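These notes are about the structure you will find just below.
The values are calculated or read from the model by the stated rules, or taken from the named source; none is laboratory data. Since this is a predicted model, take the numbers as computed values, not measurements. As a convention, Cβ positions derive from the backbone with ideal geometry for all residues, glycine included, and neighbour counts pool all protein chains shown. Each accessible area value is taken on the protein alone, full model and side chains, heavy atoms only, with ligands, DNA and RNA left out. Shrake-Rupley method; radii C 1.70, N 1.55, O 1.52, S 1.80 Å.
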Amino acid sequence: MSVHVINTDGVKYMRPVHSRAEYLKLRNGGFQKENVARIRQGDEALKASLVQMNYSCLPNEDGTLKGSKRMSTTVGMDIDFKAPTELSAEEQQAWLSEHMEKVPELVLAKKDALGLQMLERSATKGYHLVFRRRPELSQEENLKWASELLGVKYDAQAKDITRVFFTTTEAELIYLDDEIFEIVAASQCCSSQEASPQTSDLKHQPSFDPEARYNGVLFKDIIAKYWELFNGGKEPVEGDRNALTFELAVTIRSICGYSLEQLMQVVPNYWAKPDGTCTAEDLAEWRKTLENALKEPRKGMPYRLKQVLQSLKSQQAVKACGGTLTTPPPMPKKLPPLIRLLTKNVPWFYKPAVANAVFPGLGAHLHGVKFRYWDNVEHEATFMNILIGRQSIGKGTIKKPIEYIMEDIKQRDQPNRQREAEWKQKNPGAKQKKDPRPTDICIQMLIDNLTDAVFNQRIVDANNNGQRFIYTIVDEIEGLKKVTSKGTVDEVGLLIRKAFDNSDAGQERVGADSVSGIAPLRWNFNASTTPPNARKFFYKMVNDGTVSRLDVSTIIRGEDDDDTEPILGIYDHTFAAELKPYIDRLEAANGLIECPQSKKLSLDMKQENKDAAKLYESEAYRVFSYRANVIAWLKGMVLYVAHGYKWSKEIADFVRWTQQYNLWCKMLYFGQQLEKELREEVEIQRQSGPQNLLELLSDEFTKPQYYQMRQQQGKSGSGDGTLRSWQSRGYIVYDEVSGRYVKTELYKQKFGLKH
């Protein structure tokens, strides 16, 4: 295999890729992840900027592609789907989804017959696969042979021996066999622009298995997470590799069956050179380190390993949202006109944040309007958006669109503020009021420094003047604590929970001068913060329904954009004029509004979320998904009204995306904490109810420990019959080497335990 590098004079040449590590680094390096995400959003012009790979490798002596020195031992095949043009856009999408879905299972089922070396999802609508060449056949005959074996047509335009493939990222890599790198070394098919391994060196890890898994999780992911949690994300290097490799092996040996052979398959050889080779002495040192780790006394599954596995489980749930661990699900290529307008003046990496941040302001224009959800519960347009992003990343880009959305309300508020100020001047505090306060005063936009009395007055006024919303925007989430006199995080959490449900809020006072009144709380807001501050602020509210009521967004900038100031479009009277018809429609709406298409979509998403929560075994995803569905549905209803009571595919796609985006952000920033708290709840409930004896014992236990536990539970007799019964049912096995009983996976699966 070779990667092509384009010279300044336009000549393509290639160099060999010798190892899996180098290959994955190329796939994940530079701007690969950002570019793939943008291509998937429709920016196909970026395809040419992706790293290029060639798997047929017939170079000239100088490294250029044309000509032939030696036949390659692999063949690259391009599978590209094109939906029938006579179908509608929706039917074409369904056709593509159906055909794309079948390929991985089909190819993997025949990987041995095919001699599969690599399978990846392409950047657009297809797959790339690499298989062993049948030397008696030509290039095109090999492709035809593979096509007939799989029953899938290959891209006829990609039959050239020098054809390159635009490579995606590791996330799109479905299958990779290390034999593909051995082929390069054996055939020396590419020009020797890099020094070949010394003949005195050995292959660094003869039995390494990159696809080895524990309970479906790749060992390479387990080890990467281990270094992330316990070594700052750094792998061992000369000076610490002996100690760190030893600790790693001790940690994971329990899920490797305490087997040296299996440890050698999964623990990387950190003595190896960059080209994947090492000396015989280093190879022996690596093996000795693993052997020493196995000699340590066995104590069951280490706590560190449990932390790693739980963290990975939380990360898997992030993937359920449609993105990756580092990038959220991409926005739809075609947006509803209103969202397209509101996001048009910001760079692409700010568009998701802006697209979600505008809804609190849009919702504040609806008054006396209710929407009926699929469960027949009526909701109002309540949106509380939290934008989470690191410092100086550009969170302020949401302000201009919001400013224009709220301009008409701001103008309405000004005379009301003036009238209120004049009334206060005529009726100073601490005295009996001469004139009653005008009942038609309504101020919707709040400053972030209020007393309880003022906040309560605003709630009551808004309700009495058309069931309107009050609105707040703060630069830092701490500012929300100032909307009432209490100034506490707990009070903010209580208000968020009440606002989402439009529950009654306010105060009752007996004094003649006191502000009294109770009304449904209609409060929308925008707030920004950093990841550490977000986790700190909501630390006690992740599992009480507060966080699930929020609409959370974030900003993920590419490496090339981090050090550059964003260039924004111009906001002026033209922008305001384009926005006005949408705002007018929201202001004119009234009564109960229903939309059958939106209802059906929310029901579909509910089932999809249920299935995803089961697939990824994520309670946090399940809990967050309930209200994420409601929030996304409400956005769809607001867009439905704003677009003249017209539903569209663009609105449906946006609703589906915004739900997954909200869930992705919540799982990223709060998912691990919620998983932990939900798991602890289950453990507490389990301990408070009847318990069986085996559940009380550790995953590994000795016979004396078993006898001791029986005595503690007040059981009589030796209990040997119970042990034999557990063994015969397959719940435990006896490890003669350690002298311990070990619980089996059958027991854990049968009783739903998470040891």
Looking at segment 367-436 from every direction and averaging, what is the projected area of its Cα convex hull in nm²? 9.7 nm²
Not counting ligands, DNA or RNA, and with a 1.4 Å probe, what is R287's accessible surface area in Å² rounded to the nearest 10? 100 Å²
Cα Rg, Dmax (largest Cα-Cα span) when computed across segment 593-697, Å: 18.2, 64
Fully extended contour minus Cα-Cα distance, from N464 to K295, at 0.36 nm per residue: 53.2 nm
In order over segment 518-532: 3J(HN,Hα) from phi, Karplus 6.51/-1.76/1.60, θ = phi - 60°, whole Hz, x for each Gly or Pro, gives 10, 8, x, 7, 10, 9, 9, 8, 10, 9, 10, 6, 9, x, x
Regarding segment 245-394, what whole-number volume in Å³ per residue does the convex hull of its Cα atoms give? 237 Å³
Determine the alpha carbon to alpha carbon distance for each of K333/K400; K400/K580; K395/K580 and list only those over 21 Å. K333/K400; K395/K580
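Given contacts defined as C-alpha pairs under 8 Å and at least six residues apart, what's the relative contact order of segment 249-354, whole-number percent?
Relative contact order of segment 249-354: 22 percent.
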Tally Lys/Arg at +1 and Asp/Glu at -1 over every other residue whose Cβ is under 15 Å from the Cβ of D375; what's the total? +3
What number, rounded to the nearest 500 deg cm²/dmol, is the helix-based mean residue ellipticity at 222 nm of the chain, given -39500 (n - 2.57) per DSSP H run of at least four residues and division by all its residues? -13500 deg cm²/dmol
For segment 589-599, in order, what is each residue's ³J(HN,Hα) by Karplus, 6.51 cos²θ - 1.76 cosθ + 1.60 with θ = phi - 60°, in whole Hz (x at glycine and Pro)? 5, 7, x, 8, 10, 10, 9, x, 5, 5, 4
Kirkwood-type radius of the chain, with distances r between different C-alpha atoms, in Å: 30.2 Å
How much of the accessible area of the chain, probe 1.4 Å, is carbon plus sulfur, in whole percent? 50 percent
Full extension from R729 to R417: what is 0.36 nm times the residue separation minus their Cα-Cα distance, to one decimal in nm? 104.7 nm
Helix 139-150 versus the longest principal axis of the chain: what is the Cα-based angle in degrees, 0 to 90, to the nearest 10? 70 degrees
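Can you tell me how segment 280-336 classifies by the Cα gyration tensor, rounded, prolate or oblate, using a/c under 1.5 as the rounded cut?
oblate
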Please give the net charge around Q444, taking every other residue with its beta carbon less than 15 angstrom from that of Q444, where Lys and Arg add +1 and Asp and Glu add -1. -3
Less than 11 Å Cβ to Cβ from R304, Lys/Arg counted +1 and Asp/Glu -1: what total charge do the surrounding residues give? +1
Based on alpha-carbon centroids, what's the gap between segment 253-306 and segment 87-118 in Å, whole number please? 37 Å
Kindly express, to the nearest 10 degrees and within the range 0 to 90, the angle between helix 89-109's C-alpha long axis and the longest C-alpha principal axis of the chain. 30 degrees
Pull up the cross-link candidates among the aspartates and glutamates for K399, meaning alpha carbon to alpha carbon under 15 Å and not fewer than 8 places away within one chain. E407, D475, E476, D572
Can you list the equivalent-ellipsoid semi-axes of segment 415-493, largest first and in whole Å, using the square root of 5 times each Cα gyration tensor eigenvalue? 25, 15, 11
Of all C-alpha pairs within segment 365-481, those more than 25 angstrom apart amount in percent to 37 percent
Report the percentage of all Cα-Cα pairs in segment 309-405 whose separation exceeds 24 Å, rounded to a whole percent. 39 percent
L366 accessible area, 1.4 Å probe, all protein chains in place, Å² to nearest 10: 0 Å²
Taking the 0 to 90 degree range and rounding to the nearest ten, how far is the long axis of helix 573-588 tilted relative to the main principal axis of the chain, both from C-alpha atoms? 70 degrees
Would you mind checking K234/K743; K319/K676; K410/K482; K225/K306; K313/K703; K225/K748 for any pair whose Cα atoms are more than 22 angstrom apart? K234/K743; K313/K703; K225/K748
Under a cut-off of 23 Å between alpha-carbon atoms, report the lysines in cross-link reach of K111, not counting same-chain residues fewer than 8 places apart. K102, K125, K144, K153, K159, K220
Run the numbers for R437 and E476: contour at 0.36 nm per residue of separation, minus the present Cα-Cα distance, in nm. 10.7 nm
Share of Cα-Cα pairs in segment 227-305 beyond 16 Å, whole percent, is 50 percent
For labels at K646 and L229 in the simple 7 Å Cα→Cβ model, what's the distance in nm? 5.3 nm
